[in-house]
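First up is the structure itself, then whatever we jot down about it.
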Amino acid sequence: MALTEVSNNKCFEGFQKVFEHDSNELKCKMRFAIYLPPKVEVGKCPVLYWLSGLTCTEQNFITKASFQQAASEHGIIVVAPDTSPRGCNIEGEDDSWDFGTGAGFYVDATEENWRINYRMYSYVTEELPRLINANFPADSERASIFGHSMGGHGALICALRNPGKYKSVSAFAPICNPVQCPWGKKAFSGYLGPDQTKWEAYDATCLVKKYSGPQLDILIDQGKDDQFLAAGQLLPDNFIAACTEKKISVVFRLQEGYDHSYYFIVTFINDHMKHHAKYLNA
């Protein structure tokens, strides 16, 4: 599949690039960012996928998170896709910031208006990795995933639904139990319909209760002053309780004074890069 290079910037001896392509899953043009560390000049490197939150594009993480130095030093390719299809001319796709454009929620929609284009789960877990492995010096056997907010939800469900596919998973302020929160109820009813049993297939707290794959080592950072934590959108306690019951290893760090922003992410990004490097470079 043809890739069109949109931008290319040298960064910590590697290159931060953005590409555009026609997506088979989403039936539209999509962009993804990819950081190629200098180590790709001598061999294949592991890949770490980043999933962004509501309203984001592929640009937010690469311009705000300052992950490139750690990626360069650890020899890790980092891939950051967009958060939804764009320009699909679906009625209502641009009506609100938490549904439709910029809010794909990493599900494969089943409802009539959305099922053709809104297949972000399959895009992230199937089409995008195929594209990366075919076009870049990526080691297809070594992949991990992390994300923020809606993207933290995405990272957790991708790891839990695909045992062994990802070496490690982490998240910043993830939406942990979307079937129970306003954001999740709005998105899931719109994309998946009224049958709430279908929603559970995309809920990390529900999925972890049924998980039976290889041991996972999950790292989660959460700002204590996060307005969305206070508003009941994130519900990490529910996820932690489910992990504890299943004896699944999760390190949950409640960070005093931090909010939901990229100032929070950039503070702890190096810890997450080290977490993934431990498994990707093992």
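The values are calculated or read from the model by the stated rules, or taken from the named source; none is laboratory data. Remember, it's a predicted structure, so these values are computed and weren't measured experimentally. Positions of Cβ are backbone-derived with ideal geometry, glycine not excepted, and every protein chain shown enters the neighbour counts. Accessible surface areas use protein heavy atoms only, side chains included; no ligands, DNA or RNA. Shrake-Rupley method; radii C 1.70, N 1.55, O 1.52, S 1.80 Å.
A compact table of results
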{"quantity": "Complete set of residues in the stretch 74-104 that are over 17 Å from Lys185 (Cα atoms) and part of a strand (DSSP E or B)", "calculated": "Ile77, Val78, Val79, Ala80, Pro81"}
{"quantity": "Residue identified as open to solvent by less than 10 Å² (accessible area, probe 1.4 Å) and at positive phi among Gly184, Gly152, Gly193", "calculated": "Gly193"}
{"quantity": "Condition met for Ile77 (crowded, with 19+ Cβ neighbours inside 10 Å, in contact with a Cys (Cβ under 8 Å, 6 or more places away or on another chain) and closer than 26 Å to Ile265 by Cα)", "calculated": "yes"}
{"quantity": "In the stretch 196-246, the residues that are polar (S, T, N, Q), more than 18 Å from Gly164 (Cα to Cα), open to solvent by 10 Å² or more (accessible area, probe 1.4 Å) and not in a helix (DSSP H, G or I)", "calculated": "Gln233"}
{"quantity": "Near pairs, Cβ below 8 angstrom, 6+ apart or cross-chain, from the stretch 253-282 (on the phi < 0 side of the Ramachandran plot and in a helix (DSSP H, G or I)) to any residue that is among the basic types (Lys, Arg) and crowded, with 17+ Cβ neighbours inside 10 Å", "calculated": "His276/Lys167; Tyr279/Lys167; Leu280/Arg142; Leu280/Lys167"}
{"quantity": "Single residue of the stretch 46-58 satisfying the filter (assigned to a loop (DSSP other than H, G, I, E, B) and more than 17 Å from Phe15 (Cβ to Cβ)) that is most open to solvent (accessible area, probe 1.4 Å)", "calculated": "Thr55"}
{"quantity": "Top-ranked residue of the stretch 261-278 - restricted to ones that are open to solvent by less than 20 Å² (accessible area, probe 1.4 Å) and touching a Gly at 6+ places or on another chain (Cβ under 9 Å), ranked as nearest to Cys45 (Cα to Cα)", "calculated": "Ala277"}
